Amino acid sequence: MTMPVPREADWDLAPGLLEGAMDLELTAEQCDLRYWLQAAVQGTLRGRPDGHDPRLTVGPHMLRGPFFDAIAQEYAFRSLAEEKATRVLSFLVANAPDVASMEFYATQLLDECRHSMVFRNHLLALGVPAQRLTQAVQDFADPYRTSVLEPLEQRCLEVMRDERDFIGGVVMMTVILEGALAPAAELSERKWRPLDPAAAEIDKGAGIDEIRHLTVGAWIGREYLREHPGERDRVVKMIRDGMRLWDELPTHQMVYDREVRFQEGLELHRDIVGDYEIWPGRRLIDTTPKERQDTADRWSDEMKTKRLVYMGLEEALR
Ligand code: FE
Ligand code: FE
């Protein structure tokens, strides 16, 4: 029997990433492989093999100049981040303590692999030749490929591969990596919406998956800690270390650089942006790089706090 697509995975009915990931509760038992086949593969992604409606094309203002630079840098970086996430998730699949969490992480692994693909392939739509794609992804993601992604990957490999620390890996993913990156994705969907609607759809689809990753990840973490209360102190320390590592990385500079390029594009193409509101009551054209970045940072803090409180780990914030 097929089930109707659940609201949280329905293209038209799903909540935005921020409200969805903040307020929903989903368990690993609910979001098993069977759920994913129907809700994600045959639901969210139906008719969108490239992450967007195939009728959406990329306008000439995106193919060169500041908008091209901004989106090429962003999508190349995110494609590599998703690729690294896919690879480290294989260790969560391998070390999952039960079938429910093993199935869930197997689906998340494919979600991240898909995200990596659609971000990468959008560069083709932006005019990067197919034979240069792999190299172009590396080049556009520089220098943050080495300064941001490599230290994060290194830490994930220590925890998930070398120490085979399942709960450590769950918390790293949910709080440090996805909790921090998800709000940047929300900003991306909102700011590209009037300029590159295919990209906005790619972001929207990834955001729908992300609701599941954040809520189920937090549920798995909370249940595990209820069953293994002796692990709590170690996990709290690990989150603190993870947040410190994050703070030391030049992520701020990276986002700011992209927003500055985006701003140059806005100045050049005011006509396309028109009166579009990035959030209620605020026209995109009136925003500044700092305002957009500060807003994403605020979302990120709210998301992290909410996840930690839910898992009973709020002590890590002090
Ligand atoms: Fe992802
Ligand atoms: Fe994710």
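The values are calculated or read from the model by the stated rules, or taken from the named source; none is laboratory data. Quick caveat: nothing in here was measured; it's all calculated off a predicted structure. No Cβ is skipped: glycine too gets one built from the backbone with ideal geometry, and neighbour counts run over all protein chains shown.
Against the condition farther than 20 Å from residue 298 by Cα, in contact (Cβ under 8 Å) with a residue 40 or more places away in the chain and within 14 Å of ligand 1 (Cβ to nearest atom), how does residue 157 come out, does it pass? First the steps, then the outcome.
On the way: farther than 20 Å from residue 298 by Cα: yes; in contact (Cβ under 8 Å) with a residue 40 or more places away in the chain: yes; within 14 Å of ligand 1 (Cβ to nearest atom): no.
Here the answer is no, as residue 157 does not meet what is asked.
Any idea which of 40, 70 is out of contact with any Ser or Thr (no Cβ under 9 Å at 6 or more places or on another chain) and in contact (Cβ under 8 Å) with a residue 24 or more places away in the chain? Before the answer, list the steps.
Values: 40 fails: out of contact with any Ser or Thr (no Cβ under 9 Å at 6 or more places or on another chain).
Selected residue: 70, the only one of 40, 70 that is out of contact with any Ser or Thr (no Cβ under 9 Å at 6 or more places or on another chain) and in contact (Cβ under 8 Å) with a residue 24 or more places away in the chain.
Checking the condition within 16 Å of ligand 2 (Cβ to nearest atom), outside any loop (DSSP other than H, G, I, E, B) and over 17 Å from the mean Cα position of the chain (by Cα), which residue from 140, 91 passes? Steps first, answer last, please.
Values: 140 fails: within 16 Å of ligand 2 (Cβ to nearest atom).
Sole residue among the options that is within 16 Å of ligand 2 (Cβ to nearest atom), outside any loop (DSSP other than H, G, I, E, B) and over 17 Å from the mean Cα position of the chain (by Cα): 91.
Could you identify the single residue in 209, 196 that is away from ligand 2 (no atom under 12 Å from the Cβ) and crowded, with 22+ Cβ neighbours inside 10 Å?
Details: 209 fails: away from ligand 2 (no atom under 12 Å from the Cβ).
Going through 209, 196 in turn, just one is away from ligand 2 (no atom under 12 Å from the Cβ) and crowded, with 22+ Cβ neighbours inside 10 Å: 196.
Give 151, 66 a once-over and let me know the one that is more than 16 Å from ligand 2 (Cβ to nearest atom), surrounded by fewer than 18 Cβ atoms within 10 Å (Cβ to Cβ) and of a type outside the set (Gly, Ala, Ser).
Details: 66 fails: surrounded by fewer than 18 Cβ atoms within 10 Å (Cβ to Cβ).
Within the list 151, 66, the selection yields 151.
Can you name the condition, by its number, that residue 5 falls short on among (1) over 30 Å from residue 154 (Cα atoms); (2) surrounded by fewer than 19 Cβ atoms within 10 Å (Cβ to Cβ); (3) modelled with pLDDT under 95?
(2)
Among residues belonging to segment 99-137 that are in contact with a Phe, Trp or Tyr (Cβ under 7 Å, 6 or more places away or on another chain) and in contact (Cβ under 8 Å) with a residue 60 or more places away in the chain, point out the one that is farthest from ligand 2 (Cβ to nearest atom).
First pass over segment 99-137, keeping only residues in contact with a Phe, Trp or Tyr (Cβ under 7 Å, 6 or more places away or on another chain): 107, 119, 122-123, 126.
Imposing the further condition that a residue be in contact (Cβ under 8 Å) with a residue 60 or more places away in the chain reduces the set to 107, 119, 122, 126.
Values: 107: 11, 119: 12, 122: 17, 126: 23 Å.
Top of the filtered list is 126.
In segment 164-281, which helices (runs of 4 or more DSSP H) lie fully inside it and hold 2 or more residues that are within 16 Å of ligand 1 (Cβ to nearest atom)?
Working: elements: 166-171, 179-192, 197-227, 232-248, 251-268, 270-273.
In segment 164-281, 166-171, 179-192, 197-227 are the helices (runs of 4 or more DSSP H) which contain 2 or more residues that are within 16 Å of ligand 1 (Cβ to nearest atom).
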